[in-house]
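The values are calculated or read from the model by the stated rules, or taken from the named source; none is laboratory data. Predicted model, so just to flag it, every value in this text is computed and none were measured. Cβ sites come from the backbone with ideal geometry, for glycine too, and all protein chains shown count toward neighbours. Remember, those area values only see protein heavy atoms, side chains included, never the ligands or the DNA or RNA. Shrake-Rupley method; radii C 1.70, N 1.55, O 1.52, S 1.80 Å.
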Amino acid sequence: MRRKPAVSPSPASVSTERKHRIALVLQGGGALGAYQAGVYQAMHENNLTPDWVVGTSIGAINAAIIAGNEREFRIQRLREFWDSVSHADLINLQQVPDSTRQLATWMTTMDTFARGVPGFFTPRPFNPFAIGLAVPPEEASFYNTEELRATLNKYVDFDYLNSKNAGIRLTISAVKVTCGTLVKFDTSNQSISAEHVMASGALPPGFAPVRVDGDLYWDGGLYSNTPLEAVLNDEPRQDTLCMMVDLWHADGPEPRTLEEVQTRQKDVTFASRSQRHIEAYLKQYQLRKLARELYERLPADLRKPGDRKQLAELGADTTIHIVRLPYAGRDWNMASKDVNFSRGSIQWRWEQGYQDAMRGIEVSQGCPFQVSDTGVVVHELPAVVEVATG
């Protein structure tokens, strides 16, 4: 059995004359984030460059690289980043059976735990924190992420990102440690630096919080790992095509072993809560629509001069089409799959993201933007057609 090749829309087939906004929403997920890079490559090649990228954790790093480079350098910078953080495989994973691949991947992952990822994070030697002693808050972790600062400055042009010439808006989220509030850093109203991106990926206890403007921040995924609400709640409202990448599986089998329990726990913790956000948005959408309709029914003498302004602030009838791109890899149900920086695994995830995004682009071409009672439409990818080989 083999997969039927995805039909690739040509750049000319994707209309460049559009009035709706394109948003790309990226979850946190460590090494699984290579899938997101493949998604962006497909969008890039088909003239679906996003106007806005929203990310958390590894999604914030990918988003910063995408938004923080001129168009012709984005794929190159993404490739360079992922090549720099991937570990060489012990063997050629394409030439061995699945059981051998699993063992080799497990050994590569254990090496990551032991030595870290150059340019990303390294173990803290003789760490008092590891034996329960107090340390400065910026050192309260098992790994040091200071090398990530130089990596981000290498692959992200922050001057370009924060300039008026930047073609993509960037929003990344982090949690304020002292009060648990989710904070969004957004280039539409502030400058973003490497510290903001590092803060978005500071997942405890592995990584220490990062101080930004005097406050400590942890990974935004602790609060909400799929930052879709940033798109749903954005003002002023406008028609939007949202490509949303899901790296974790909300569904899964009943776990029986410690490894399966840990895997299921991590999937449940970081899986998308998008349905909850969508339901809340739809309730608001219907209330806004009802308020406008009721106003139009009022006699002229009951309409006050400021009513029109207030109704305008509620937003017009808009539609958000969400194309959900789920990472299909199960990674042998490894609880440490997000720490698997094996080069073969990184390349496989990138390719899967590319192929899935190609299918998602086909779905997006049939999304009508017109006034309706819907407000939000979620599109799932069609099943992959399997065809028999001769």
Checked pairs for the stretch 81-109, first on the phi < 0 side of the Ramachandran plot and exposed (fewer than 14 other Cβ atoms within 10 Å of the Cβ), second among the basic types (Lys, Arg) and in a helix (DSSP H, G or I), C-beta under 6 Å and 6 or more apart or across chains, list as 88/343
Residue check, residue 224 part of a loop (DSSP other than H, G, I, E, B), open to solvent by less than 40 Å² (accessible area, probe 1.4 Å) and over 28 Å from residue 147 (Cα atoms) = no
Within the stretch 146-192, the count of residues that are in contact with a helix residue (DSSP H, G or I) (Cβ under 6 Å, 6 or more places away or on another chain), open to solvent by 10 Å² or more (accessible area, probe 1.4 Å) and among the hydroxyl-bearing types (Ser, Thr, Tyr) comes to 1
Answer residue from the stretch 316-352, given it is open to solvent by 50 Å² or more (accessible area, probe 1.4 Å), in a helix (DSSP H, G or I) and charged (D, E, K, R) and is farthest from residue 92 (Cα to Cα) among those | 351
Given (1) surrounded by fewer than 16 Cβ atoms within 10 Å (Cβ to Cβ); (2) touching a Cys at 6+ places or on another chain (Cβ under 6 Å); (3) not acidic (Asp, Glu), number of the condition residue 23 does not satisfy = (1)
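Check 59, 68, 33 and return the single one that is at pLDDT 95 or above, open to solvent by less than 60 Å² (accessible area, probe 1.4 Å) and closer than 28 Å to residue 369 by Cβ.
59
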Looking only at the stretch 214-243, count how many residues are among the charged types (D, E, K, R) and modelled with pLDDT of 95 or more.
-> 2
Mind checking which residues of the stretch 128-145 are within 24 Å of the chain's Cα centre (by Cα) and either at pLDDT below 95 or open to solvent by 80 Å² or more (accessible area, probe 1.4 Å) (or both)?
-> none
Candidates 73, 81, 121 - the one that is more than 26 Å from residue 332 (Cα to Cα) and among the aromatic types (Phe, Trp, Tyr) = 73
Kindly list the number of the only condition in (1) farther than 13 Å from residue 375 by Cα; (2) of a type outside the set (Lys, Arg); (3) touching a helix residue (DSSP H, G or I) at 6+ places or on another chain (Cβ under 6 Å); (4) crowded, with 20+ Cβ neighbours inside 10 Å that fails for residue 241.
-> (1)
Please report, ordered by residue number, the helices (runs of 4 or more DSSP H) entirely within the stretch 143-207 with at least 3 residues that are out of contact with any Lys or Arg (no Cβ under 7 Å at 6 or more places or on another chain) and farther than 21 Å from residue 227 by Cα.
-> 146-155, 158-161
Among the residues of the stretch 265-295, write down those that are surrounded by fewer than 18 Cβ atoms within 10 Å (Cβ to Cβ) and either over 24 Å from residue 320 (Cβ atoms) or among the β-branched types (Val, Ile, Thr) (or both).
-> 265, 268, 269
